[in-house]
Amino acid sequence: MAIHNPKIGIIGAGRVGSSFASATYPDGKIVAASSRRTEHRAWLKQRLPNITIVDEAANVAELADLVFITTSDAAIKPVCDSISWQPHHHVVHCSGALTLSALKSAAKAGASVAGFHPLQTFPGYANPDRLSNISYAIDCDGEALTTWLQSFADAHDSNTFTIQGETAHAAYHASAVLACGLLAGLVGISAELWQHAGIDRSRALKLLAPILKSTIEAIADDGLPDAISGPYVRGDLETIRKHLEITSDVNPDTSRAYAALALAQLHIANEKGNLDDRSLTVIKQLLTSHLPTR
């Protein structure tokens, strides 16, 4: 049976949840959202005056029949287990790392369940624009709920793809963290190297921004390996040696990170076909020498 005009609730209206609570829906209406923090509930009431803001997750389930659980990953299963679900409920978690097993108690009660992970970063609260022009990972066995989630993505000019199973979820989410959170951290340690040129991290980040933007554009437009440039494409051994020496002098952890990342991506750089066997062997030896021995 198709899902039509559901009453939608958000459990855990933090950065992701408040963005879903602020979004428009092609089918359905937001009726309730929860937060455990008093000051955040006050902010939500001011920001979203037309919906009910509560402190308890169970109150959302009483008011809504399609419920997004947008808490931290660790809280999703305990929150789900704390609620008396009914067969009319549709329960959706927004974790990329977790499978449907986190919603087992809802499924046992007869509710339809799904994972719906927006492949996006949410640095602020109540920003529904970040839900558009992105991709969503869907984990769902129910046709009606899958169709409804796909319609939400379609309405927000977004793509969907299927992720199922522990291995697939773990690999996908690790990829997302590498491409987002760890990438931001990598840019941070890159900027910190500029202090040896008398430039602090904040200014270095601004100076690095154009090359970062160009790199992302090249990845999107040209793909790999074409978007890769630098000494690992050219086989510039002397430059690589200098990089390893200066990063070792500055911070051994930075040097190890540099070597590990370079070694992990070397097979992609080598797809350009510029490295001969000797250069590739020497580069691998240089990088490996800067990594801890097992």
(request) Report, to the nearest whole %, how much of the accessible area of region 155-282 belongs to carbon and sulfur atoms, 1.4 Å probe, protein only. (result) 55 percent
(message) With Cα extents along the principal axes in Å as the read-out, I listed (1) 66, 39, 38; (2) 56, 49, 35; (3) 76, 55, 27; which label goes with the value calculated from this structure?
(response) (1)
(message) On a full-extension model of 0.36 nm per residue, what is the gain between I219 and N127, subtracting their alpha-carbon distance, rounded to one decimal in nm?
(response) 30.5 nm
(request) With both partners inside region 83-160, how many of the DSSP beta bridges are antiparallel, as a percent to the nearest 5? (result) 45 percent
(message) Please report the antiparallel percentage of DSSP beta bridges with both residues in the chain, rounded to the nearest 5.
(response) 15 percent
(message) Using the Kirkwood radius over C-alpha pairs as Rh, can you work out the diffusion coefficient of region 22-117 via Stokes-Einstein at 10 °C, viscosity 1.306 mPa s, in µm² per second?
(response) 115 µm²/s
(request) Send over a whole-number figure in Å² for the accessible area per residue of region 177-294, probe 1.4 Å. (result) 65 Å²
(message) Pairs on different chains or at least eight residues apart, Cα atoms closer than 16 Å: how many lysine pairs in the chain fit?
(response) 4
(message) One quarter of the convex hull surface, Cα atoms only: what value does that give for region 167-294 in nm²?
(response) 9.1 nm²
(request) Give me the Kirkwood hydrodynamic radius of region 236-276, using the inverse of the mean 1/r over all pairs of distinct Cα atoms, in Å to one decimal. (result) 10.9 Å
(message) Could you work out [θ]222 nm for the chain from helices alone, using -39500 (n - 2.57) per DSSP H run of at least four and dividing by all its residues? Round to the nearest 500 deg cm²/dmol.
(response) -15500 deg cm²/dmol
(request) Could you check the simple spin-label distance between K29 and L178, using points 7 Å along Cα→Cβ, in nm with one decimal? (result) 4.6 nm
(request) Would you work out which of H4, T247, A109 lies farthest towards the positive end of the dipole of the chain, given +1 charges on the beta-carbon of Lys and Arg and -1 on that of Asp and Glu, about the Cα centre? (result) T247
(request) Can you pull a Stokes-Einstein diffusion coefficient for region 88-151 at 25 °C (0.890 mPa s), Rh from Kirkwood over Cα pairs, as a whole number of µm²/s? (result) 195 µm²/s
(message) So with the 1.4 Å probe, I'd like the accessible area per residue for region 1-90, rounded to whole Å².
(response) 50 Å²
(message) Just to be sure I follow: if Rg is taken over the C-alpha atoms of region 118-200 and Rh is the Kirkwood radius over the same atoms, what is Rg/Rh?
(response) 1.14
(message) Distance between the C-alpha centers of region 50-95 and region 19-47? Whole Å please.
(response) 13 Å
(request) Work out the FRET efficiency for L207 and T147 from their Cβ-Cβ distance, taking R0 = 45 Å, and round it to the nearest 0.05. (result) 0.40
(request) Whenever you get a sec, compute what percent of the accessible area on region 89-135 sits on carbon and sulfur atoms (1.4 Å probe). (result) 49 percent
(request) May I ask you to give the average projected area over all directions of the convex hull of the Cα atoms of region 4-63, in nm² rounded to one decimal? (result) 3.7 nm²
(request) Compute the long axis of helix 201-222 from its Cα atoms, compare it with the longest principal axis of the Cα atoms of the chain, and write down the angle in degrees, 0 to 90, nearest 10. (result) 80 degrees
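The values are calculated or read from the model by the stated rules, or taken from the named source; none is laboratory data. This is a predicted model, so every value here is computed, not measured. All Cβ positions, even for glycine, are placed from backbone atoms using ideal geometry, and neighbour counts span all protein chains on display. Surface accessibility is based on the protein's heavy atoms, side chains included, excluding ligands, DNA and RNA. Shrake-Rupley method; radii C 1.70, N 1.55, O 1.52, S 1.80 Å.
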